[in-house]
Amino acid sequence: TEEFILESSIINDSYPIYVYLSENYSNDSSNQLIIGLDGDTRFNAIANIISDKTRNGSMPPSILISIGNNENRNRDYTPTSYEHGTGGANNFYQFIKEELIPELESRYNIDTSNTKTLIGNSFGGLFTHYTMFQDRVDNPFNKFVSTGCSFWFDSGVIFEYEENYNVNHTDLDVNFFSGMGSLEGGVNLASVEEMEVRLRNRSYSNLNISTVIINKHGHSGAATIGFKKGLDYVFSN
């Protein structure tokens with residue numbers, strides 16, 4: 001594991017970047033890049049999952065990057081300005097594309113194609129959905145793992161992003177996993193099912209989707225289980 005600080009001119013803030021190189025990390029540029037949110041608290045859990053999976057051969061050589069500065073997640077992970085969030089998701093997305101990924105490519109051997117993985121929980125799950133509904137042409141990600149998505153935020157505004165994406169696209173070439181604890185509130189449980197129904201009914205070309213309700217777990221407890229199930233799914237399709 002490694003750690004460095006990255007200054008963002010787009011956001012005018014700095015981010016601790018936590019790095020885990022899998023034991024089968026390759027010296028060529030074939031390693032899969034996995035970016036996890038809430039790095040200050042989620043890095044070790046995701047790194048342990050990737051360690052186990054790369055050892056047993058169920059994942060290719062990989063590098064995990066977890067982005068810290070969790071205290072500003074209400075700014076960075078929310079798509080609109082609303083109670084509990086200030087709507088900085090677009091700037092954060094641009095930071096990842098224009099500043100973080102180029103920096104990582106200069107430091108590590110990374111597959112430079114748009115086949116990267118994004119993992120997030122709660123507001124991080126909201127940002128994961130937001131990123132998936134950005135234009136595919138320059139979207140660096142094609143694998144998405146969301147757990148406990150905050151569908152309630154701004155009266156379900158994330159559904160509007162899906163609607164806007166659908167207006168202009170017939171293809172959604174991604175592997176997408178969405179997990180939710182069975183003890184979550186009714187709004188989130190109903191919303192995770194509604195999002196799956198919407199996506200399936202769109203008949204998007206090349207979309208692989210799995211939604212899993214994680215029994216007997218609540219908002220925080222379902223996260224690590226969801227991350228493992230999600231990585232199993234997106235790397236098996």
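The values are calculated or read from the model by the stated rules, or taken from the named source; none is laboratory data. The structure presented is a predicted model; accordingly, all values stated were derived computationally and were not measured. As a convention, Cβ positions derive from the backbone with ideal geometry for all residues, glycine included, and neighbour counts pool all protein chains shown. These area figures cover heavy atoms from the full protein model, side chains too; ligands, DNA and RNA do not enter into them. Shrake-Rupley method; radii C 1.70, N 1.55, O 1.52, S 1.80 Å.
At-a-glance table
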read-out: Condition broken by residue 5, with the remaining ones in (1) surrounded by fewer than 16 Cβ atoms within 10 Å (Cβ to Cβ); (2) outside any strand (DSSP E or B) satisfied; value: (2)
read-out: Identity of the residue in the range 61-72, outside any loop (DSSP other than H, G, I, E, B) and farther than 15 Å from residue 3 by Cα, that ends up least open to solvent (accessible area, probe 1.4 Å); value: 62
read-out: From the options 93, 108, 130, residue that is open to solvent by less than 50 Å² (accessible area, probe 1.4 Å) and over 15 Å from residue 66 (Cα atoms); value: 130
read-out: Residues that are touching a Ser or Thr at 6+ places or on another chain (Cβ under 7 Å), of a type outside the set (Val, Ile, Thr) and open to solvent by less than 40 Å² (accessible area, probe 1.4 Å), drawn from the range 155-172; value: 156
read-out: Single residue of the range 133-154 satisfying the filter (farther than 25 Å from residue 100 by Cα and open to solvent by 10 Å² or more (accessible area, probe 1.4 Å)) that is farthest from the chain's Cα centre (by Cα); value: 154
read-out: Residue match in the range 194-213 (condition: free of Cβ contacts under 8 Å to residues at least 40 places away in the same chain, within 16 Å of residue 126 (Cβ to Cβ), outside any helix (DSSP H, G or I) and out of contact with any Pro (no Cβ under 8 Å at 6 or more places or on another chain)); value: yes
read-out: Of all residues making up the range 173-194, the number that are under 16 Å from the mean Cα position of the chain (by Cα) and open to solvent by less than 40 Å² (accessible area, probe 1.4 Å); value: 8
read-out: Number of positions in the range 5-37 that are over 26 Å from residue 58 (Cα atoms), in contact (Cβ under 8 Å) with a residue 40 or more places away in the chain and of a type outside the set (D, E, K, R); value: 8
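Yes/no matrix, rows are residues, columns are (1) surrounded by fewer than 22 Cβ atoms within 10 Å (Cβ to Cβ); (2) under 15 Å from residue 232 (Cα atoms); (3) at pLDDT below 95:
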residue	(1), (2), (3)
21	yes, no, no
26	yes, no, yes
38	no, no, no
41	yes, no, no
59	no, yes, yes
